1. Please work out if G28 is touching a residue at least 24 places away in the same chain (Cβ under 8 Å) and within 22 Å of S144 (Cα to Cα).
2. Residues in region 93-122 that are touching an Asp or Glu at 6+ places or on another chain (Cβ under 8 Å) and of a type in the set (K, R): how many?
3. When you go through R112, R126, R133, R149 one by one, which is the residue that is surrounded by fewer than 19 Cβ atoms within 10 Å (Cβ to Cβ) and within 16 Å of the chain's Cα centre (by Cα)?
4. Anything in region 1-41 that is part of a helix (DSSP H, G or I), buried (at least 24 other Cβ atoms within 10 Å of the Cβ) and among the β-branched types (V, I, T)? List them, or say none.
5. Please go through region 268-298 and pick out each residue that is at pLDDT 95 or above and among the polar types (S, T, N, Q).
6. Do any residues in region 273-284 that are closer than 15 Å to E170 by Cβ and hydroxyl-bearing (S, T, Y) have Cβ atoms under 9 Å from those of residues that are assigned to a helix (DSSP H, G or I) and open to solvent by less than 80 Å² (accessible area, probe 1.4 Å), where the two are at least six apart or on different chains, and which pairs are they?
7. Does any residue of region 104-114 turn out to be among the acidic types (D, E), touching a residue at least 12 places away in the same chain (Cβ under 8 Å) and in contact with a strand residue (DSSP E or B) (Cβ under 8 Å, 6 or more places away or on another chain)?
8. Go through S144, S161, S183, S169 for me and flag whichever is at pLDDT 95 or above and touching a Pro at 6+ places or on another chain (Cβ under 9 Å).
Amino acid sequence: MATNQVVLVTGASTGFGRLFTETLARKGYTVFATMRDPKGKNAKNAGEIEALAKKESLSIHILDLDVTKDDSVDKALKAVIDKAGRVDVVINNAGFVVTGLMETITIEEAQRQFDTNFFGCVRVNRAALPHMRKQKSGLLLHISSGAGRIVFPSFGFYCASKFALEAFSEAYNYELAGQGIQSVSIQPGAYQTAVFGNVQQGSDTARSETYGAVNQILGKVSNALAGAAGNAQEVADAVLRVIETPAAQRKAHYRVSPQDVGVDAINDVCAKTQDSLLQAFGIADDVKFVTANAAAKG
């Protein structure tokens with residue numbers, strides 16, 4: 001399918017981001033696959049993506065982007081606009097996992113978790129939104145997690161970063177609706193990706209000495225997640241479906257998981273509660289989505 005839509009993907013070197021890049025490019029999208037240090041640390045991954053693009057004649061462009069650095073984000077978005085003239089979809093995918101009892105995770109480690117998983121999305125969106133407003137259209141896709149709705153002990157700071165991302169994504173969806181821009185979260189369950197190989201653990205382990213049996217929870221949860229992991233291509237296919245869903249029919253949150261552990265039920269309750277809240281405050285009409293054409297006329 002031919003399309004003139006331009007997509008930026010963060011964290012595209014491996015895992016979900018790599019799959020998003022390949023899946024969308026094969027469907028005719030122009031994809032800017034961003035990653036840290038594509039000429040150094042990620043040279044092998046960048047080279048593999050470029051080789052695939054050449055072999056299959058795909059419109060994929062590699063860009064250096066570190067979501068924790070303002071200047072890196074701004075430089076990458078400028079490069080996208082200079083090359084393609086627009087940006088239609090941003091996929092905020094960059095992230096990692098810090099595990100361990102919360103008391104064992106230092107302030108610095110917790111800050112790094114949030115700086116990538118949450119503030120990275122803040123930076124990228126702030127850089128992209130001026131261009132989307134000019135177009136009167138756009139889609140911000142946040143790769144969240146089922147852990148943004150439910151809590152796993154020993155994954156507390158990771159869950160907290162994804163809970164924050166869920167709130168951030170939904171608030172943006174309300175605020176941007178009148179300009180023809182949408183903000184959506186994708187909530188994957190357990191999938192086998194490179195994130196499992198990049199898990200970081202809290203370093204202040206001396207604080208765990210009094211926790212007894214609770215120290216065994218991390219191993220139990222990790223084993224259960226690994227054993228339940230599905231085919232990550234399912235998430236890439238879901239992202240494609242969301243992008244190709246007519247804007248007026250898109251939902252604010254999409255669960256994608258091999259198992260149903262209650263996230264859909266939580267999403268349903270939250271949606272009803274939010275609707276009631278917006279009505280009670282008299283702002284429901286203010287946050288209704290308008291089409292790009294209507295936004296342009298406005």
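1. Values: touching a residue at least 24 places away in the same chain (Cβ under 8 Å): yes; within 22 Å of S144 (Cα to Cα): no.
Considered against the rule, which asks whether it is touching a residue at least 24 places away in the same chain (Cβ under 8 Å) and within 22 Å of S144 (Cα to Cα), G28 comes out as no.
2. Restricting attention to region 93-122, the residues satisfying the condition of being touching an Asp or Glu at 6+ places or on another chain (Cβ under 8 Å) are 98, 103-106.
With the extra rule that they be of a type in the set (K, R), the set shrinks to none.
Total satisfying the criteria: 0.
3. Details: R112 fails: within 16 Å of the chain's Cα centre (by Cα); R133 fails: within 16 Å of the chain's Cα centre (by Cα); R149 fails: surrounded by fewer than 19 Cβ atoms within 10 Å (Cβ to Cβ).
The match here is R126.
4. T21 - this is the single residue of region 1-41 that is part of a helix (DSSP H, G or I), buried (at least 24 other Cβ atoms within 10 Å of the Cβ) and among the β-branched types (V, I, T).
5. T273, Q274, S276, Q279
6. Short answer, once both residue conditions are applied: none.
7. Restricting attention to region 104-114, the residues satisfying the condition of being among the acidic types (D, E) are 108-109.
Checking the rest, the ones that are also touching a residue at least 12 places away in the same chain (Cβ under 8 Å) come to 109.
From what is left, the residues that are in contact with a strand residue (DSSP E or B) (Cβ under 8 Å, 6 or more places away or on another chain) are 109.
Yes, region 104-114 contains at least one residue that is among the acidic types (D, E), touching a residue at least 12 places away in the same chain (Cβ under 8 Å) and in contact with a strand residue (DSSP E or B) (Cβ under 8 Å, 6 or more places away or on another chain).
8. On the way: S161 fails: touching a Pro at 6+ places or on another chain (Cβ under 9 Å); S183 fails: touching a Pro at 6+ places or on another chain (Cβ under 9 Å); S169 fails: touching a Pro at 6+ places or on another chain (Cβ under 9 Å).
After ruling out the rest, the residue left standing is S144.
The values are calculated or read from the model by the stated rules, or taken from the named source; none is laboratory data. From a predicted model like this one, the values you see are computed outputs, not experimental measurements. Cβ: placed from backbone, ideal geometry, glycine included. Neighbour counts: every protein chain shown. Remember, those area values only see protein heavy atoms, side chains included, never the ligands or the DNA or RNA. Shrake-Rupley method; radii C 1.70, N 1.55, O 1.52, S 1.80 Å.
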